[in-house]
1. Test S46 against the stated conditions and say whether it is part of a helix (DSSP H, G or I) and either within 15 Å of V142 (Cβ to Cβ) or touching a strand residue (DSSP E or B) at 6+ places or on another chain (Cβ under 9 Å) (or both).
2. Is there any pair with a first residue in the stretch 1-28 that is touching a residue at least 12 places away in the same chain (Cβ under 8 Å) and over 15 Å from V183 (Cβ atoms) and a second that is exposed (fewer than 11 other Cβ atoms within 10 Å of the Cβ) and small (G, A, S) whose Cβ atoms are under 7 Å apart and which are 6 or more apart or on different chains, and what are they?
3. Scan the stretch 166-178 and give yes if some residue there is modelled with pLDDT under 70 and crowded, with 16+ Cβ neighbours inside 10 Å, otherwise no.
4. Can you tell which of T154, T101 is more than 25 Å from L64 (Cβ to Cβ) and either modelled with pLDDT of 65 or more or within 31 Å of the chain's Cα centre (by Cα) (or both)?
5. Of everything in the stretch 42-83 that's at pLDDT 95 or above and hydroxyl-bearing (S, T, Y), which residue is surrounded by the fewest Cβ atoms within 10 Å (Cβ to Cβ)?
6. Would you say Q21 is more than 21 Å from the chain's Cα centre (by Cα), of a type outside the set (D, E) and part of a helix (DSSP H, G or I)?
7. Can you go through V141, V162 and tell me which one is modelled with pLDDT of 80 or more and not in a strand (DSSP E or B)?
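The values are calculated or read from the model by the stated rules, or taken from the named source; none is laboratory data. A quick note: this is a predicted structure, and the numbers were derived from the prediction, not measured. No Cβ is skipped: glycine too gets one built from the backbone with ideal geometry, and neighbour counts run over all protein chains shown.
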Amino acid sequence: MEPLASVTDLQDRLGRPLTAQEETRAQALLADASALVRSYTGRTFSRTDDDTVVVRAQQGEIRLPQTPVLGVTAVVAVGAGGAPDLPVVGWRWDGIDTIRTAPESPAINLPELWADEEYESYPGTYRVTYSHGAAEVPADVVAVVARMALRTLTSPTMAGGVTGETIGPYSYRTDGSGVGTAVTMTDDDRRMLELAGYRRKAGMTMARWR
């Protein structure tokens, strides 16, 4: 996936062009920061068409993990214990991020042989195909990724974990955050993402369909 911020975003915040050495490192740092943000939030922040995921319904509702949702094209009940996967009928998308399934039957033409074992054969796991994402990465996400990368890019030392150094008559001490070669996410970064509503709620189960 593409980084969630660009070299231009770094330069705008730094107030100057990057040096040749900084530019060499910048892309890798942006990629690392983007991976951390995506892992923490559980969101890609990228436009994706016809993405297929396997999710579990809670009380007849399927909460889609990636937003904004642009459209839902298919909902399939995943069979267990040898039962086949079957397309769901009567599902409704609320236009935001939730699909509601019909309570009476999970699929079209459910074989009579399985009627008495419907709940065991179809325990509430669904394969959903949908499109999601925005044309542009949200500005607050760009801000978090850029500052994560800049902390490492502009660190006085490339030795991770070093809090002080003396070179001839010159010496300095850092704030002890351990910033060096590795991009890190601070509590402030997490708080900004949480306040913006990007942190996925606990209890959601999702697997990528391959």
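1. no
2. none
3. yes
4. T154
5. Among those that are at pLDDT 95 or above and hydroxyl-bearing (S, T, Y), it is T73.
6. Values: more than 21 Å from the chain's Cα centre (by Cα): yes; of a type outside the set (D, E): yes; part of a helix (DSSP H, G or I): yes.
Against the criterion (more than 21 Å from the chain's Cα centre (by Cα), of a type outside the set (D, E) and part of a helix (DSSP H, G or I)), Q21 qualifies.
7. On the way: V162 fails: modelled with pLDDT of 80 or more.
Answer to the selection: V141.
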